[in-house]
1. Please turn the phi angles of segment 78-90 into ³J(HN,Hα) values with the Karplus equation 6.51 cos²θ - 1.76 cosθ + 1.60 (θ = phi - 60°), one per residue in order, whole Hz, x for glycine and proline.
2. How would you rank 71-77, 85-91, highest first, on the average number of other Cβ atoms within 10 Å across their residues?
3. Among 26-33, 93-100, 44-51, how do they line up by average Cβ neighbours within 10 Å per residue, starting with the highest?
4. Which order do 52, 65 take when ranked by solvent-accessible area (1.4 Å probe, heavy atoms of all protein chains), largest first?
Amino acid sequence: MDKIELIFDMYYDELLDYDYWDHVSIERYNLVALMLIHIKNDRLKLIPDLFSFFNEETNFHINDSYQKILFYIAKYHFLKRTNKTINKTKNQYIEMVQKLVLFFLMKITFINYFD
């Protein structure tokens, strides 16, 4: 997380400027990374605007499953820190992980992401 934060501190404008986005996929990864940084630093008021770039009911992009896994990690921790219901998001994460047969990620990454 500290390295991701350093990259955003150094290259924020370049990472979030459309001129530098080669692809929608990069946009999604950058937005999720920014969400995780905000969560880490308890800047939770900034996150709902970032969620608005994602429509969970549709595919995010061609590598949708991986992006949604990272998105659900961010969403889970945001909801947890704001004392909102996390069960739906946790189940969505588990569904995506099972779909990709990445069971080992379930305990290591999702629940303990910031530990």
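The values are calculated or read from the model by the stated rules, or taken from the named source; none is laboratory data. Quantities reported herein were computed from a predicted structural model and do not represent experimental measurements. Note that each Cβ is placed from the backbone with ideal geometry, even for glycine, and that neighbours are counted across all protein chains shown. Note: areas computed on protein heavy atoms with side chains; ligands, DNA, RNA excluded. Shrake-Rupley method; radii C 1.70, N 1.55, O 1.52, S 1.80 Å.
1. Once θ is set to phi - 60°, the couplings for segment 78-90 become 5, 4, 4, 6, 9, 6, 10, 5, 10, 4, 4, 5, 4 Hz.
2. Details: 71-77: 23.3, 85-91: 13.9.
Order by mean packing, descending: 71-77, 85-91.
3. Numbers: 26-33: 19.4, 93-100: 16.0, 44-51: 13.5.
Sorting 26-33, 93-100, 44-51 by mean packing, highest first, produces 26-33, 93-100, 44-51.
4. Values: 52 90, 65 15 Å².
If we order 52, 65 from most to least accessible, we get 52, 65.
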